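A quick write-up on the structure given underneath.
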Amino acid sequence: MKKRFLRHVAGFLFSAALTIAAAQAQQLQNYEVNYNNGKVLLNQQRYELAMAELLPVTVNAAGNAYAPEATYLYALAALKAQKPQEAVLMLQQLKAQHPQWYGMPDAHYLLANALFEQQKYDEALAELNLIRAASLSADAETLKRFYLIRLTDRKQYEKLLQRYPNDKLVGQLYADKLLAGWYKPEDKATLERIVAKFNLDRNQYLRADALRKEAYNVALLLPFQLNQDLAQTARKNQFITDLYAGMKLAQDSLSKQGININLLAYDTGADTTSAKQVLAMPEVKQMDLVIGPVYKSTARLASRFAAENNVTVINPLSQDLEVTGNSNNVLLFESSVATQAQQAATFAYQNFSPKTAIIIVENKKDDTTFAHHYRQQFIKLGGRVKTYRKINSGQAAATASVFKGLNLADVGHMAVFSEQMTAAVNATSLLSGEAAKLPLITYDKWLDIHQITLRQLDRLEVYFISPKYIDKMSPAAAQFRQKYLEKYNLPPSVYAYAGFEMLYYFGTILSAHGPAFTQSLATIGVKPGVFYPGIGYKNTGSPQAEVRKDNQYIPITKLENLQLVVVNPVSY
């Protein structure tokens, strides 16, 4: 009886062991599946989904050989998804649980990147100092340079200088910042010590004309048309007045931060003669920055002036890259039409599946140009345009027929480039009836078409290309509105916001990088403005630090609960 009982217990234990072994084997198989799925999703830039797949694999369980790399990949996906805190926590877990993992140098590098994103510069530099792999030394220096260049808080930077007195890059960048605007007479001894310690070029860092300017001179070449009857030009020129008023408030804000800008306004009228006369003035040739002229007729003059005098010129309002000419010193503050279309196509390709599209375009020059750049970029990325049709919204029946004849099967998204009510109503009617979840991308001007309600657009998957988007409910915008009302007794227009943003952005860059800042724009990258969701001149589609001549960030917005939100926030 006892033997039978023992055999029964042994059989039970053996069966239990088999069950446990099978469960463990299944769990290991699950780890492998999740790990592989996570890698694929990460490569597809679907970061949130990648994190969800990888999270179960990060557990430090017996036999889970995927845990270290899954933890690293989770952190990478979190950083790409603009969740640096999650990346930091996961990488700290990796260091604690797998200190001997072969990829630890890459983990130190990634953790430094995430800490830099949180503006924890001291901790980030400490992490980079742990890297001993020669293969990562150049990348570590590049990462360090990228973020330290953006650090504009002098006191914070001086703490880093004290904490890392033997770091040549920290010292050299501090010297660069002194020359770019931080320098005061009492800094001379510090600058000389840095130059001697790190054997920097004395001719570059200690020459008299390289040291700090007390203020930067910015010329405004705008068509104020002061020589004409005010009653006739006041309303016509209101946008110029608003632009200038916004700049004056930015000048005040910069002054409070110790950045002094002398705004020197010149009336260039609306013709080339007055612009030519102003650009020929010796004082204008000595400016640190020129904003204007506005009109395309003066573009060639401005381009030649910029090249001959090595002065950066900003066109404040144009969206036409042709006005920049051949000079690398001429920039658009706005995004060009080509950039708007290309960035919108890139967003569609990255976010909509399958990678197929229907494009409907109004048969007008501006719309067909936009559609051309969009289509070209979408195909370049690997997408396929199944249908491309032109419409004339003035012919209502023919336009309706085009939309009714569309085959929506296996289509990833629809793009409609028309500002006309007829096109908008037909597109939304089609999707409401057949494919409410099919993404539609179009101009944000549709939000002003009264024949379509915001609730209709909210119910559909409509994405708006919104190059001039401003969140007017943000604290910064509300504060600006209050100050503007107090000073001018008028609410600010979009031009007033633009004027403030423009001078504040370039004034800050002048202070940090000096007048010859154009090549620094690549390292500055794209970052949020005061009101704008993003400003930057780095080509985000190029692995190299390539500078473009127009703003490369285009907000894509969508209605969520009747509120317009940006669905592609800036990612550094």
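One table, with the values for the structure above:
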item	result
Residues (in contact (Cβ under 8 Å) with a residue 40 or more places away in the chain and either assigned to a loop (DSSP other than H, G, I, E, B) or open to solvent by 50 Å² or more (accessible area, probe 1.4 Å) (or both)) located in the range 137-155	R145, R150, T152
Top-ranked residue in the range 319-340 [being among the hydrophobic types (A, V, I, L, M, F, W, C), in a helix (DSSP H, G or I) and in contact with a strand residue (DSSP E or B) (Cβ under 8 Å, 6 or more places away or on another chain); ranked as nearest to I465 (Cα to Cα)]	L321
Of the criteria (1) of a type outside the set (S, T, N, Q); (2) in a helix (DSSP H, G or I); (3) crowded, with 19+ Cβ neighbours inside 10 Å; (4) more than 30 Å from the chain's Cα centre (by Cα), which one L254 fails	(4)
Every residue from the range 407-422 that is surrounded by 17 or more Cβ atoms within 10 Å (Cβ to Cβ) and among the acidic types (D, E)	E419
Residue count for the range 101-128, restricted to those that are open to solvent by less than 20 Å² (accessible area, probe 1.4 Å), among the acidic types (D, E) and closer than 19 Å to R154 by Cα	0
Some residue of the range 208-222 being closer than 17 Å to L178 by Cβ, at pLDDT 80 or above, open to solvent by less than 90 Å² (accessible area, probe 1.4 Å) and touching a helix residue (DSSP H, G or I) at 6+ places or on another chain (Cβ under 8 Å)	yes
Any chance Q519 is outside any loop (DSSP other than H, G, I, E, B) and either under 23 Å from S255 (Cα atoms) or touching a Pro at 6+ places or on another chain (Cβ under 8 Å) (or both)	no
Qualifying residue in the range 352-363 (condition: part of a helix (DSSP H, G or I) and either loosely packed, with under 15 Cβ neighbours inside 10 Å or modelled with pLDDT under 95 (or both))	no
Candidate set: the range 373-396, residues that are open to solvent by less than 80 Å² (accessible area, probe 1.4 Å) and in a helix (DSSP H, G or I); chosen: the one farthest from Y349 (Cα to Cα)	A396
Failed item, numbered, when K549 is tested on (1) in a loop (DSSP other than H, G, I, E, B); (2) of a type outside the set (D, E); (3) at pLDDT below 85	(3)
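The values are calculated or read from the model by the stated rules, or taken from the named source; none is laboratory data. Model, not experiment: these values are computed from the prediction. Positions of Cβ are backbone-derived with ideal geometry, glycine not excepted, and every protein chain shown enters the neighbour counts. Heavy atoms of the whole protein, side chains included, go into the accessibility calculation; ligands, DNA and RNA do not. Shrake-Rupley method; radii C 1.70, N 1.55, O 1.52, S 1.80 Å.
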